[in-house]
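Peer 1: This is the structure I want to talk about, given as C-alpha cells.
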Amino acid sequence: QVQLVESGGGLVQAGGSLRLSCAASGGTFSNFRMGWFRQAPGKEREFVADISRGGGSIYYADTVKGRFTISRDNAKNTVYLQMNSLKPEDTAVYYCAANIRSSYSRLPTQYDYWGQGTQVTVSS
C-alpha cells in the first residue's frame with residue numbers, strides 16, 4: 001500500500017512563505033507522477049501543481065504560477081511545494097497525490113493515492 005504523508009503546513013501572514021513536503025512509502029516513488037491539490041471550505045478540490053516522474057515536466061495552476069514551485073527528490077522519496085508570496089485566498093488543506101500513469105492531469109480522479117492533507121492558513 002502506497003502511503004503519502006504531508007508536512008509543513010501552518011499559519012503564515014500574507015506575503016510570507018511555507019514549504020510543504022510529501023514523503024512517500026510503500027511503492028517505487030520514481031514510478032509516480034506527483035501532484036499537489038488544495039481544497040478550501042465549500043470549494044471543490046483544485047489542482048495546484050504537477051511534476052513528472054523524472055522532474056522534467058512541470059505544470060502549475062494559473063492562480064499559483066510565479067509564486068509556487070514544485071520539485072522532487074527521488075532519492076528521498078519526497079515531493080515539495082515551495083509557496084511564496086502567499087495570499088489569504090491560498091488558505092486551504094493541501095494534499096499530495098500520486099499518479100501511476102505518465103500523463104499530466106489536473107483532475108483529482110486521475111490520481112491513485114492521496115495523503116491526509118496539511119492545513120495552510122494565510123492571514124491578512
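Peer 1: What are the residues in segment 7-22 that are farther than 12 Å from F68 by Cα and open to solvent by 50 Å² or more (accessible area, probe 1.4 Å), if any?
Peer 2: Scanning segment 7-22 gives S7, L11, Q13, A14, G15.
Peer 1: Give segment 98-113 a look and list any residue that's of a type outside the set (S, T, N, Q) and buried (at least 18 other Cβ atoms within 10 Å of the Cβ), or say none. Give the derivation first.
Peer 2: At the first step, the residues of segment 98-113 found to be of a type outside the set (S, T, N, Q) are 98, 100-101, 104, 106-108, 111-113.
Scanning segment 98-113 gives A98, Y111, Y113.
Peer 1: Counting only residues that are at pLDDT 95 or above and in a loop (DSSP other than H, G, I, E, B), how many does segment 15-31 have?
Peer 2: Total meeting the criteria: 3.
Peer 1: Okay, moving on. Going through N31, N84, N77 one at a time, which residue ends up being touching a helix residue (DSSP H, G or I) at 6+ places or on another chain (Cβ under 6 Å) and of a type outside the set (S, T, Y)?
Peer 2: Exactly one of N31, N84, N77 is touching a helix residue (DSSP H, G or I) at 6+ places or on another chain (Cβ under 6 Å) and of a type outside the set (S, T, Y), namely N77.
Peer 1: Could I ask something else about it? With the requirement that a residue be in contact (Cβ under 8 Å) with a residue 60 or more places away in the chain and either aromatic (F, W, Y) or open to solvent by 70 Å² or more (accessible area, probe 1.4 Å) (or both), what does segment 38-91 give you?
Peer 2: If the condition is that a residue be in contact (Cβ under 8 Å) with a residue 60 or more places away in the chain and either aromatic (F, W, Y) or open to solvent by 70 Å² or more (accessible area, probe 1.4 Å) (or both), then R45, F47, Y80, K87 are the ones that fit.
Peer 1: Can you tell me which residue among S85, S57, S102 is over 17 Å from F29 (Cβ atoms), among the hydroxyl-bearing types (S, T, Y) and over 14 Å from the mean Cα position of the chain (by Cα)? Steps first, answer last, please.
Peer 2: On the way: S57 fails: over 17 Å from F29 (Cβ atoms); S102 fails: over 17 Å from F29 (Cβ atoms).
Just one listed residue meets the conditions, S85.
The values are calculated or read from the model by the stated rules, or taken from the named source; none is laboratory data. Only a predicted model underlies this, so the values are computations on that prediction, with no experimental measurement involved. In this analysis, Cβ positions are derived from the backbone assuming ideal geometry, glycine residues included, and neighbour counts consider all displayed protein chains. Protein only, heavy atoms only, side chains kept; ligands, DNA and RNA dropped before computing areas. Shrake-Rupley method; radii C 1.70, N 1.55, O 1.52, S 1.80 Å.
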